[in-house]
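See structure below.
Bear in mind these aren't lab numbers, they're just calculated from the coordinates by the rules spelled out. Please read these numbers as outputs of a predicted model, since none were measured by experiment. Every residue, glycine as well, gets a Cβ built from its backbone with ideal geometry; the counts of neighbours run over all protein chains shown.
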Amino acid sequence: MAKVAEVVQLMGELAPARLAEDWDNVGLQVGDLSQEVENVLLALDFNQQVLAEAVEKDCQLIITHHPFIFNGIKSVDAQNESGKLIYKLIKNNISLFSAHTNLDIADDGLNDYLIEKLDVENISILKTTDSQNYHKLVTFIPEDGFEEVRDALYAKGAGEYKNYSHSGFYQSGNGTFKPLENSDPYLGRKNSFNQVKEYRFETIVAPENLDKVINALLKVHPYEEPAWDLYQLENLKNKQGIGRIADLKEETELETLIAKAKEIYQLEQLKVVKSKNKIKRVALCSGSGADFIKDAYYQGADLYLTGDVKFHEAQTAEELGLALIDFGHYGSEKFVRELLFEKLKTAASTKLIKDLNFVKSEVNTDPWNYQ
């Protein structure tokens with residue numbers, strides 16, 4: 001049976017914790033990584049109703065989008081609401097995990113999932129929150145070990161860039177060394193000057209893969225002391241950020257797009273600022289994204305979709321001539337259940353993790369009623 005740690009690892013590959021905003025609190029909230037898990041409940045929030053659902057459906061792990069614990073807890077008291085929930089989690093042997101802004105920001109995360117529903121192209125980041133340089137890794141490998149080392153590095157993500165993988169360059173040459181008395185050389189004789197045929201191999205490495213690639217190099221390389229160099233590339237950066245902006249495949253009337261948004265996002269009503277009639281470029285940010293209204297405007301958006309927009313923020317959009325749709329905090333983020341179900345089911349299958357079931361929560365945690 002799978003462990004909580006294995007599911008956490010799957011989530012780490014889908015939404016790395018390092019992407020989360022500084023103020024956020026993601027990861028394991030309550031529980032035991034060594035706990036066995038068969039059923040995983042996927043929910044937007046954690047509350048009494050979601051906990052009851054988890055117990056009823058025999059789930060050993062709950063994954064939510066919104067963190068249950070944001071700030072430090074001084075005590076777990078079963079007489080207050082948060083303490084009562086934590087107490088019941090532990091009593092029922094249920095772990096709780098959260099992926100919040102890291103899932104919003106991640107490639108193929110929630111914001112990509114939402115904007116792709118609009119039939120768009122040329123998707124890019126709305127607001128960059130993190131930028132890390134790629135590296136070039138250069139190493140020297142004996143001829144008889146070349147393919148094994150190269151393939152081990154590729155297996156850990158070396159050579160990946162955008163729509164390409166296994167990118168590298170190699171060239172044959174001569175390597176020289178003199179093993180001293182306490183050495184244990186793979187090739188050559190101790191205390192003698194040796195010259196051997198080697199390949200110089202170089203490849204690019206994304207920042208998120210760097211540790212894995214270096215560990216693989218040191219583990220697989222046949223030399224006692226592998227020779228390798230690492231260069232930071234100023235011309236290649238891995239950018240991550242909140243929100244997405246893209247082009248509709250065809251220019252569309254705002255009223256047509258409003259009707260389409262209601263249908264694809266399964267909403268009964270929307271709040272709309274009708275500052276533009278023709279829409280070609282669309283920006284989107286799930287949850288509360290009013291802070292990025294000006295970012296959407298300066299990137300040339302005709303329309304911005306987000307939630308939790310206040311009166312004066314809507315006025316700002318109107319003054320800028322930017323059409324705006326407030327499709328609600330819950331209205332946008334409720335799709336996290338479908339996203340996690342699809343991604344985790346595929347990831348578990350790929351890693352041959354059997355006997356692991358993912359269950360979409362049926363609890364509606366939207367506090368608003370629309371009349």
Of the DSSP H helices in the chain, those whose Cα atoms cover at least 18 Å axially and whose Kyte score averages -0.5 or more: 336-350
Can you list the residues, at least 5 places off or on another chain, whose amide H is less than 5 Å from the amide H of Asn39, using H built in the peptide plane? Gln60, Leu61, Asn357
Choice from Lys276, Lys343, Lys162 with maximal GNM fluctuation in the chain (Cα, 10 Å cutoff): Lys162
Charge dipole of the chain built from unit charges on the beta carbon (Lys, Arg +1; Asp, Glu -1), centred at mean Cα; most positive-end Cα among Ser183, Val273, Ile125 is Ser183
Within the set Val55, Val76, Val336, GNM on the chain using Cα springs under 10 Å gives the largest fluctuation to Val76
Just to be sure I understand, if you calculate semi-axes √(5λ) of the Cα gyration tensor in Å for this structure, which of (1) 46, 30, 16; (2) 48, 22, 18; (3) 27, 24, 20 do you get? (1)
Determine the percent antiparallel among the DSSP beta bridges restricted to the range 1-140, to the nearest 5. 40 percent
If a/c stays under 1.5 just call it rounded; otherwise compare a/b with b/c (prolate if a/b is bigger, oblate if not). Do that for the range 131-238, with a ≥ b ≥ c from the square roots of the Cα gyration tensor eigenvalues. prolate
Using a Gaussian network for the chain with springs between C-alpha atoms less than 10 Å apart, which of these wobbles most: Ser183, Ser167, Ser95? Ser183
Calculate one ³J(HN,Hα) per residue across the range 292-303 by plugging θ = phi - 60° into the Karplus curve 6.51 cos²θ - 1.76 cosθ + 1.60, and present them in order as whole Hz with x for glycine and proline. 10, 4, 5, 4, 4, 5, 5, 8, x, 5, 8, 9
For the range 19-24, 3J(HN,Hα) per residue [Karplus equation, 6.51 cos²θ - 1.76 cosθ + 1.60, θ = phi - 60°, Hz, x = Gly/Pro]: 7, 5, 5, 4, 7, 7
Could you run the Karplus curve 6.51 cos²θ - 1.76 cosθ + 1.60 with θ = phi - 60° over the range 351-357 and give me ³J(HN,Hα) per residue in whole Hz, x for Gly and Pro? 8, 6, 8, 8, 6, 10, 10
DSSP bridge orientation in the chain - percent antiparallel, rounded to nearest 5: 70 percent
